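The values are calculated or read from the model by the stated rules, or taken from the named source; none is laboratory data. It should be emphasised that the depicted structure is a prediction, and the values quoted were computed from it without experimental measurement. Cβ atoms come from the backbone with ideal geometry, glycine included; neighbour counts cover every protein chain shown. Just so you know, the surface numbers come from the protein's heavy atoms only, side chains and all, with ligands and any DNA or RNA stripped out. Shrake-Rupley method; radii C 1.70, N 1.55, O 1.52, S 1.80 Å.
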Amino acid sequence: MSNSKLRKVDSENRAFKSEWEHDYFFILNKDHKPQCLVCFQVLAVLKEYNLKRHYMTNHKQKFGKHSCESRKVVCDQLKKKLFQQKSLFTNETKQQEEALLASYFVTYELMKAKKALSDGELIKNCAIKMAEAFNENKVGNKFQTVPLSKQTVTRRLEDISNQISNNVKDIIANCSYFSIALDESTDVSDTNQLLIFVRAIKEDFTIFEELLKVCSLHSTTRVTDGAKSMTGTISGFVGFLRQNQITVPTLHCIIHQEALCAKSIKLSTTMATVTKITNLIRGGNRSLTHRKFLTLLEEMDSAYGDLLLHTEVRWLSRGKCLVRFFELRHEIATFLREEVTNSAELQNDLEDVEFLRNLAFLTDITQHLNVLNLQLQGKKQTICQMVGFVDSFRKKLHLFKSALDKNNLLHFPCCRKLSEEEEGLEFRDYTEIIEDLSSEFDRRFNDFESFRPDISLFSNPIHCDIESQPGHLQLELCELQCDPSLNTSQVTGIDFWKLLSPERYPLLRNLALKLCSVFASTYICETAFSSLKHVKSKNRNRLSDVVLSHILRVATSQLEVDFISLVSSFMKPQCSH
């Protein structure tokens, strides 16, 4: 049989006739299919023979006795019943969707606050109690329908995390460039956790920094915790890349480098004495000694109410501890004499001018380093900004050396204060430490030098020397430097490069996009490790690797979650069923 002679039901233009409602108790539903008002069955083909056969077979015995007006009344009653059931089903579906949406909202907020999965039930009970307090029983009944058990919250978390993960994959697939940041640490259960973040940049210079993967390393790792696990040229991550012939630019975190430079200052004995005295007063099981010290500070009307403990892993801890110790040095000396036995050696240190000189200088230079550290912290900073902060500090070191050569203490407030108390103090000999620190900065930040030509061009494209730039960029630079709208622009940095036309300056924009995609630090990993400590603590140390990964992804993500889409995806299988 030829295709032209095949019957096509859809093309026969069959129309539903109004009299079929009363004759066969059928209506046309929203899908334009005939639906029985009695049994609600939907027929596939709109044809009078099919409707009549269905009525005669299934319903004639019951409704055949009705005729004319009585038949119309029965038909209207059946239609009303059908519409009521549809309305009831719609309302129930709507309530289910609202309860589901609420459970997604609560789960998301719990994970953002890094709370336990079981806290969902607590929030639900609190919401019900609040509704009762406001005499809103209907609202309370709605809260009762919100599923927030630990198992349910875990499932909702997985849905949210998977959506974020899929969005991150889409961003990577459609971005101009991306880089990754890796860092490793050990959690409370002694499991090595490797965090991998991705930084992607789109054509419009929108930057995304998102968690790509959490790798829980339960077996023996081939690298040790710390910087060498990433940067080691033999056993570190960089070494593994080279062994596998993967050639990509690699950088050691700029903040870690700065912290290591700070540790290189040759006054470790002074810091050890500060730590020893601090621990003697408020460390360990010294609650009574500590209380006495606090009382003394209150009686002496001191500027500060307590000493600060030094924690090696916290970047700013050393500087804060030193500032507090220096400001309370007189109160500490008094307390050791009056309250602490067997502390004669420490008392002598606090009265020794050499120790006090070292303390004052170490406090000042560490505070300057803390300022740099704070500048380097923060998400979505470009490598150009961070290298600029480091270069600025290098210049400050030259200024500090020049000032100390003349015993000028303008930039050293603690040294200046000490010199006012002890006349004739000299600080010129600390220029050697400044020189060593400057050399350490030059050595540790050497791997950033390969980026310097591009950074210089990125930072000042209007006034750069065109002939010294790469040949493929020179023609576009000529255009750019003679463009009146760009020449008079007051914006700088990444905002300036957004102004460049992709059609007119494709190569220059490409250079800027590549630079802005670089992770110059693992600050985002460090903040995630802080979240990890809250999520996986002593009281919650049995989280599975999968659940831990989901929690960290949601807790650290800056992407918006499409909750309506999640609800729709969840309800589809139920609706189809």
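What order do Cys464, Cys321, Cys68 take when sorted by accessible area (1.4 Å probe), most exposed first?
Numbers: Cys464 25, Cys321 0, Cys68 105 Å².
Most to least solvent-accessible, the answer reads Cys68, Cys464, Cys321.
In the stretch 261-449, taking the dipole from charged Cβ atoms about the Cα centre, the farthest positive-side position among Leu316, Ile434, Leu359 is held by Leu316. Its Cα centre serving as origin, the chain has a Cβ charge dipole (Lys and Arg +1, Asp and Glu -1) of approximately 4620 debye. Expressed as a whole percent, the accessible surface of the chain that belongs to carbon and sulfur atoms is 51, based on a 1.4 Å probe.
Computed over neighbours whose Cβ is under 14 Å from that of Glu423, the net charge equals -1, Lys and Arg +1, Asp and Glu -1.
Note the full-extension length gain between Glu354 and His218 as 0.36 nm times their separation in residues minus their Cα-Cα distance, in nm to one decimal.
Once the chain is fully extended between Glu354 and His218, it gains 44.0 nm.
For P(r) over Cα pairs in 20 Å bins from 0, in percent, computed directly from the structure shown, the correct entry in [x] 16, 28, 24, 17, 8, 3, 2, 1, 0; [y] 11, 19, 11, 7, 10, 23, 16, 3, 0; [z] 14, 31, 30, 15, 8, 2, 0 is [z]. Estimated from the Cβ-Cβ distance and a Förster radius of 56 angstrom, the FRET efficiency linking Gln144 and Glu345 is about 0.25. A simple spin-label model places the labels of Asp442 and Asn408 2.2 nm from each other, with each point 7 Å out along Cα-to-Cβ. Of the GluC sites (Glu not before Pro) found in the stretch 429-529, the ones in coil according to DSSP and having at most 12 other Cβ atoms within 10 Å of their Cβ are Glu503. In the context of the full set of protein chains, the stretch 460-517 has a per residue accessible area of 55 Å² (1.4 Å probe).
A helix-only calculation puts the chain at -18500 deg cm²/dmol for mean residue ellipticity at 222 nm, using -39500 (n - 2.57) for each DSSP H run of at least four residues, averaged over all residues. Can you give the local net charge around Ile254? Use residues other than it whose beta-carbon is closer than 15 angstrom to its beta-carbon, Lys and Arg +1, Asp and Glu -1. Charge balance near Ile254 sits at -1. Distance between the pseudo-spin-label points of Lys81 and Ile246 (7 Å out from Cα toward the beta carbon): 6.8 nm.
Ranking Val518, Phe63, Cys75 by how far each Cα lies toward the positive end of the dipole of the chain (charges on Cβ) leaves Phe63 at the top. Summed over the residues of the stretch 261-449 and divided among them, the accessible surface reaches 51 Å² per residue at a probe radius of 1.4 Å. Among the GluC sites (Glu not before Pro) found in the stretch 242-329, those both in a DSSP coil and sparsely packed, with 14 or fewer other Cβ atoms within 10 Å of their Cβ, are Glu312. Ranking Cys215, Cys75, Cys482 from most to least accessible surface, computed with a 1.4 Å probe over the protein chains only, gives Cys482, Cys215, Cys75. For Lys79, the lysines whose Cα falls under 21 Å of its own Cα, not counting residues fewer than eight places away in the same chain, are Lys17, Lys30, Lys33, Lys47, Lys52, Lys60, Lys62, Lys65.
Between Asp429 and Leu260, what is the FRET efficiency for a Förster distance of 22 Å, r being their Cβ-Cβ separation, to the nearest 0.05?
It comes out at approximately 0.35.
Based only on Cα atoms, what mean projected area does the convex hull of the stretch 261-449 have, in nm²?
Averaged projected hull area, Cα only: 12.0 nm².
Its alpha carbons considered, the stretch 39-161 gives a radius of gyration followed by a Dmax of 23.9, 69 Å. Placing dummy labels 7 Å off each Cα toward the beta-carbon, the span from Met130 to Asp465 is 6.5 nm. Hey, with R₀ at 22 Å, roughly what FRET efficiency would Asp190 and Glu312 work out to, going by the Cβ-Cβ distance, to 0.05? Given R0 = 22 Å and the Cβ-Cβ separation, E is 0.70. All other residues whose Cβ lies under 12 angstrom from that of Val106 are scored, Lys and Arg at +1 and Asp and Glu at -1, for a net of +1. In plain terms, the chain from Ser287 to Leu122 could stretch by 55.8 nm, reckoned as 0.36 nm per residue minus the Cα-Cα distance.
For a protection proxy built on the mean count of beta-carbon atoms within 10 angstrom, sort 265-272, 387-394 highest first, please.
On the way: 265-272: 15.2, 387-394: 17.1.
Ranked from most to least packed, the peptides come out as 387-394, 265-272.
Accessible surface of Val547, taken over heavy atoms with a 1.4 Å probe and every protein chain present, rounds to 30 Å².
Order the following by accessible area, largest value first: Phe63, Phe105. Probe radius 1.4 Å; ligands, DNA and RNA are ignored. Could you put the intermediate results ahead of the total?
On the way: Phe63 20, Phe105 95 Å².
These residues rank, largest area first, as Phe105, Phe63.
Output the pairs from Lys169/Lys538; Lys213/Lys320; Lys395/Lys514 with a Cα-Cα distance over 30 Å in this structure; if there are none, say none. Where the Cα-Cα span goes over 30 Å, the pairs concerned are Lys169/Lys538; Lys213/Lys320. Pick out, in residue order, every one of the GluC sites (Glu not before Pro) in the stretch 123-175 that is DSSP loop and has at most 14 other C-beta atoms within 10 Å; say none if there are none. Of the GluC sites (Glu not before Pro), the ones in loops of the stretch 123-175 whose Cβ has at most 14 other Cβ atoms within 10 Å are Glu136.
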